[in-house]
Amino acid sequence: MKATAEGDGQTPTEEMHKVRPCPFCGEEARLDVQYAFDGATGKRVTPVMHVVGCLSCKIFMWELEEDKLLERWNTRVTSQ
């Protein structure tokens with residue numbers, strides 16, 4: 001039997017990969033990846049930074065590793 005997070009049928013790992021709403025306004029948050037580009041080919045080479053934030057509040061966090069970023073964002077205290 002798998003352990004679930006918040007009784008929604010998902011494992012704790014699956015829950016942490018979801019982006020929770022903004023802790024300030026409750027609006028949907030967005031996850032994005034910034035890439036480095038090869039100047040000669042114009043192709044993206046490797047992820048450089050992961051960014052999550054709220055476009056309404058203009059609040060953003062960034063981290064090199066997506067897992068660390070989502071853990072930080074998803075464990076913030078909400079204002080509600």
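The values are calculated or read from the model by the stated rules, or taken from the named source; none is laboratory data. Please read these numbers as outputs of a predicted model, since none were measured by experiment. Backbone-built Cβ (ideal geometry, glycine too); neighbour counts: all protein chains shown. Quick note on the areas: whole protein, heavy atoms, side chains included, nothing else; ligands and nucleic acids left out. Shrake-Rupley method; radii C 1.70, N 1.55, O 1.52, S 1.80 Å.
Points worth noting:
- Pairs with Cβ under 6 Å, 6+ apart, first in the stretch 10-36 and assigned to a helix (DSSP H, G or I), second at pLDDT below 90 and open to solvent by less than 60 Å² (accessible area, probe 1.4 Å): PRO12/ALA5; GLU15/ALA5
- Members of the stretch 36-67 that are surrounded by fewer than 12 Cβ atoms within 10 Å (Cβ to Cβ) and not β-branched (Val, Ile, Thr): ALA36, ASP38, GLY39, ALA40, GLY42, LYS43, LYS58, LEU64, GLU65
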